[in-house]
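This report refers to the structure that appears directly beneath it.
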Amino acid sequence: MRHSLLTDQKLQGLEREALARHFSGSETPDVQVSAAIHYALDSVDQSGLQAHPLDVAEMLRRLNVDRQTLIATLLIPAVFARRLTHEQMSQQFGEVVARLAENVSELVRRRFEAPTGRPEQAERLRRMLLAMVDDVRAVLIKFAFRLQNLRLAVKQMEPGTKLLAQETLDVIAPLANRLGIGSLKWEMEDLSLRILEPEAYRAIANGLDANRRAREAYVETFTRTLESALKAEGIQARVYGRPKHIYSIWRKMQKKQLALEELTDLRATRVIVDDLSACYTVLGIVHNQWPHLPREFDDYIANPKDNGYQSLHTAVVGPEGKVVEVQIRTRAMHEFAELGVAAHWRYKEGGREDLALARAINSLRQLLESDGDDQNLLEEFQSEMLHQRVFVLTPRGEVLDLPAGATPLDFAYGVHTEVGHRCRGAKVDGRIVPLTYRLRSGQRVEILTTRQGGPSRDWLNPALGYLHTTRARNKARSWFRQQNQEEHLANGRNLLDRECQRLGVSQVDHDELATKLGYRRSEDMLVALGAGDLTTAQVAQKLQVDAATPILAPRPRRRPVNDGTPAGGGDIHIRGVGGLLTTLANCCKPVPGDAIIGFITRGKGVSVHRRDCVNVLRLPDEKRSRLIAVSWGQEPPTQAVDLLVDAQDRPGLLRDISNVFANANVNLLAVQTRTDPIDRSVRMELTAEVESLSQLSGLFDRIQSLANVYSVHRRSSVATTSAR
């Protein structure tokens with residue numbers, strides 16, 4: 001094989017068709033497996049991967065993974081070399097394989113180095129790794145790539161090898177242990193120790209070799225004696241000696257301050273039986289044959305570990321007074337202990353073992369309980385679901401966890417309050433993003449700050465989407481609250497005037513509005529508005545005539561109201577009169593929430609106007625007797641309203657404004673634009689269907705935040721002859 005990084009002797013020299021038969025497990029190669037092998041071999045030299053995908057795929061094949069996992073593993077080089085797009089993979093190999101391969105490539109690209117001496121950071125990194133994927137098998141493939149990289153690193157010892165090994169011990173191996181993938185976990189730990197502590201590793205290895213013959217002879221004698229005792233009771237079992245891996249020995253020596261020859265559990269035996277009841281029968285035989293140590297007995301069958309591991313563990317005093325550890329389990333338990341998550345795709349037999357497997361798979365979407373090594377694990381993590389959080393990295397590699405939907409501004413306030421106040425931009429994975437960008441797990445965030453300044457009032461507007469977390473929003477509000485009281489009062493008055501002008505609302509009673517908003521005085525309301533404790537959207541809601549009328553959620557739009565179209569039977573109530581035809585006047589186009597009044601026309605029923613309509617205000621005295629009190633019904637309809645937008649022309653301006661209406665689920669009925677050819681100023685006349693003043697206020701905020709937009713407001717009514 002021409003690829004030098006292919007290290008598996010069994011695969012070297014095989015032609016592509018032979019490789020396809022090997023990984024397909026039959027004489028007739030799987031078509032998709034064969035295609036994936038071609039992509040792997042044609043892309044590996046350009047992929048930049050250290051571990052060869054055939055080595056990794058062979059490792060996973062021995063773990064009995066499913067064909068989708070093997071195919072996704074073989075496609076990783078093509079993904080790295082950008083030879084396959086998501087659409088191409090989905091079309092040729094299926095959507096599941098395409099998503100799995102992309103999950104794996106994202107994990108393989110990322111480094112998960114935990115800051116030294118920060119166990120809570122290591123825990124956050126593990127959870128970030130799990131939160132980044134939506135397929136459990138991606139984590140398994142990540143572990144296999146890591147193990148193969150460690151095998152190569154031991155031979156090459158290049159710069160960065162120690163960081164790779166430390167990251168494995170801090171993040172990868174503990175996670176593999178929690179998921180029950182023992183065969184990968186043990187080798188990763190031994191290789192990492194060999195890289196980080198070569199002298200200690202060599203001393204333990206040499207010490208084990210020195211007394212290996214005596215220990216192996218002892219275990220062999222113990223095993224034959226146990227086999228004879230089991231056969232005498234008619235129990236079919238596989239009994240064999242179990243080697244203890246070097247990292248586990250080193251950890252115990254460090255923890256208990258013991259020398260190698262002082263350890264009592266270097267002799268171990270494992271018993272594999274066919275069914276659950278046989279496990280306890282074997283346990284009784286073992287305890288009858290040799291004295292047992294009560295403190296060394298653990299029943300992980302009745303009380304499985306959090307990762308689903310099941311087995312009986314006991315320790316007995318064998319011949320010559322030497323302690324021997326005995327593990328007893330069924331074949332299914334043994335497969336799960338060795339293969340962990342990979343076993344999920346093989347065993348479909350049901351029963352107790354299947355429940356343990358399901359619990360382990362489900363744990364990938366839950367925060368896992370601490371294994372005892374993370375004493376400083378923050379309490380807030382213990383009950384959160386992974387998909388409800390995002391785990392993102394600082395430039396220094398520390399992990400912050402935030403609620404799903406968090407923005408770079410939330411991240412900035414999570415780092416430090418002053419960083420949030422002075423934030424003016426953000427980079428995610430080296431790319432400039434807007435401050436309303438929604439962060440995803442695994443991303444690295446860098447905040448761009450200014451030396452002076454504070455938060456913008458727009459950040460407190462929920463309609464604009466700058467801040468998602470309550471904690472960050474409270475910090476921004478606190479900053480405004482600490483500013484000059486007179487400045488807040490002036491700002492609040494300006495904001496209220498601007499909002500009333502934009503919405504076309506006149507004759508506002510400030511004291512009445514303050515009462516509706518829960519303030520004793522109008523000055524208190526204005527200060528709160530200027531400080532950011534009160535939003536313009538809340539003000540717009542209370543500006544409606546009937547404060548008890550709820551703000552309706554977006555719903556399917558009704559038919560637009562045209563000239564002379566009745567307003568609807570139950571939408572407008574006429575005091576003391578029922579069954580009259582009503583129409584909404586086109587001169588002022590009242591919106592639900594506006595103060596309205598009715599005018600009895602000749603032959604057209606009641607024409608409904610805004611109270612500040614020019615035609616109503618200019619009505620002759622002899623016609624004022626035809627005015628009648630009306631009010632909105634309990635289910636206000638959507639109604640057309642005219643808006644004016646003044647801006648400076650730029651490419652994409654109309655598209656951005658249209659997107660605001662589309663994202664708010666507001667129907668845009670008409671658009672007319674006029675551009676001055678000299679100064680390129682633009683005036684847009686828009687007609688849209690809205691449900692309430694508060695919804696209209698939110699639209700104004702979003703449009704006003706667009707680049708090059710100077711102002712947006714509701715168009716004033718003009719005098720017509722509609723009231724006659």
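The values are calculated or read from the model by the stated rules, or taken from the named source; none is laboratory data. This structure is a prediction, so every number in the text was calculated from the model and none was measured. Please note: Cβ atoms are built from the backbone with ideal geometry, for glycine as well, and neighbour counts cover all protein chains shown.
Numbers for the structure displayed
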quantity	calculated
Only one of ARG431, ARG424, ARG329, ARG359 that is at pLDDT 90 or above, more than 30 Å from SER478 (Cβ to Cβ) and surrounded by fewer than 18 Cβ atoms within 10 Å (Cβ to Cβ)	ARG431
Tabulated pairs, the stretch 648-669, first free of Cβ contacts under 8 Å to residues at least 24 places away in the same chain and on the phi < 0 side of the Ramachandran plot, second charged (D, E, K, R) and part of a helix (DSSP H, G or I), C-beta under 6 angstrom, 6+ apart or interchain	none
Test: residue in the stretch 146-157 that is β-branched (Val, Ile, Thr), farther than 25 Å from VAL392 by Cβ and either within 26 Å of the chain's Cα centre (by Cα) or modelled with pLDDT of 80 or more (or both)	yes
Those residues of the stretch 257-316 which are surrounded by 16 or more Cβ atoms within 10 Å (Cβ to Cβ) and of a type in the set (Phe, Trp, Tyr), in sequence order	TRP290, TYR300, TYR309
Test: ALA214 is among the small types (Gly, Ala, Ser), farther than 26 Å from LEU169 by Cβ, modelled with pLDDT of 90 or more and not in a strand (DSSP E or B)	no
Qualifying residue in the stretch 533-546 (condition: among the acidic types (Asp, Glu) and at pLDDT 80 or above)	no
Filtered residue count, the stretch 612-629, keeping only those that are assigned to a loop (DSSP other than H, G, I, E, B) and in contact with a helix residue (DSSP H, G or I) (Cβ under 9 Å, 6 or more places away or on another chain)	1
Residues of the stretch 297-327 satisfying the condition of being among the charged types (D, E, K, R) and in contact with a Leu (Cβ under 7 Å, 6 or more places away or on another chain)	ASP299, ASP306
